[in-house]
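A short worksheet on the structure shown next.
Just so it is clear, none of the values below were taken in a lab; they were calculated from the coordinates. All of these numbers come straight from a predicted model, not from anything done at the bench. Note that each Cβ is placed from the backbone with ideal geometry, even for glycine, and that neighbours are counted across all protein chains shown.
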């Protein structure tokens, strides 16, 4: 039920964002008032989508980071909808970016062959790295004949299996940067340079993440604070503590830091993206910031808020 609900909300939000983008882009500015209200409606639906995901992240995945972010997304999206409706037109850039993000990410959830290829590619590459490090394991099938599960026979603790899922491929982070770069009005050469910076770094760091979590869990590297962690999270199997700390605590926290660093590097080549950062900071803090001055780049002459 939750999957059907969230899938429907996701497609509805992406459709509304895309429609607002089309109305804004192809009506030569005359439809911007209508696009503003349509975009505001999209942000409301987007906020409800993240709220619907909260139980999945917080209770099923037991991820405090993702759970907190999904819960905070509702008021942030509602405030964004209000600001856009009130005339903060720089938010058209962020709205376009969300539309492109959805168009990049959603096909991998809907097209089985694309999803299978991505998961199996990451699983194979992660397996290659662990083989070079001297670990013995098998890659077995899970789901519908998908070769994406590592099986380790730990001589001390027994058998451990780790599934590589779509969320483990880095496609979410790649969709974020792909959507942002696609949304800005900038020369194609600089956009391609931004993609060339972001995508390889995300892919490599995600591979490190997959290998680290798999080895930390299968080798039981992080069996610390076992009793309080089990009591806090509700795991019945104490061996899950290494997985929880490696993935839910370390990997997810460091992912946020990595995304900020990648965003800074990409913004050096595509400074138009800094407008998004300024809007996000305004939504969070209520204060205006000049990130172009902070990063040391010139503000583009034409942006969504001050010209076309």
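Length gained on full extension, residue 106 to residue 135, computed as 0.36 nm times the residue gap minus the Cα-Cα distance: 7.0 nm. One equal scatterer on each Cα of region 1-87, no solvent, Debye formula: the resulting log10 I(q)/I(0) at q = 0.11, 0.22, 0.26 Å⁻¹ is -0.34, -0.96, -1.15.
What share of Cα pairs, in percent, lie more than 23 angstrom apart in region 106-308? List each step's numbers first, then the result.
On the way: 11452 of 20503 pairs.
Value for region 106-308 (Cα pairs over 23 Å): 56 percent.
Spin-label pair residue 79-residue 290: with each label point 7 Å from Cα along the Cα-Cβ axis, the two points sit 2.3 nm from one another.
Can you tell me the FRET efficiency between residue 124 and residue 221 if r is taken as the Cβ-Cβ distance and R0 is 25 Å, rounded to the nearest 0.05? In this case the efficiency is close to 0.60.
Quick one: length gained pulling residue 265 to residue 153 fully straight, 0.36 nm per residue minus the C-alpha distance?
Using 0.36 nm per residue and subtracting the Cα-Cα distance, I get 36.2 nm.
In this simple spin-label model, placing a label point 7 Å from the Cα along the Cα-to-Cβ direction at both residue 236 and residue 161 gives a separation of 1.6 nm. Counting only DSSP H runs of at least 4 residues, each contributing -39500 (n - 2.57), and dividing by the residue count of the chain, the helix-based mean residue ellipticity at 222 nm comes to -22000 deg cm²/dmol.
Full extension of the chain segment joining residue 186 with residue 5 gains 61.6 nm, where the gain is 0.36 nm per residue of separation less the Cα-Cα distance.
Between region 30-69 and region 233-299, the C-alpha centres lie 18 angstrom from each other.
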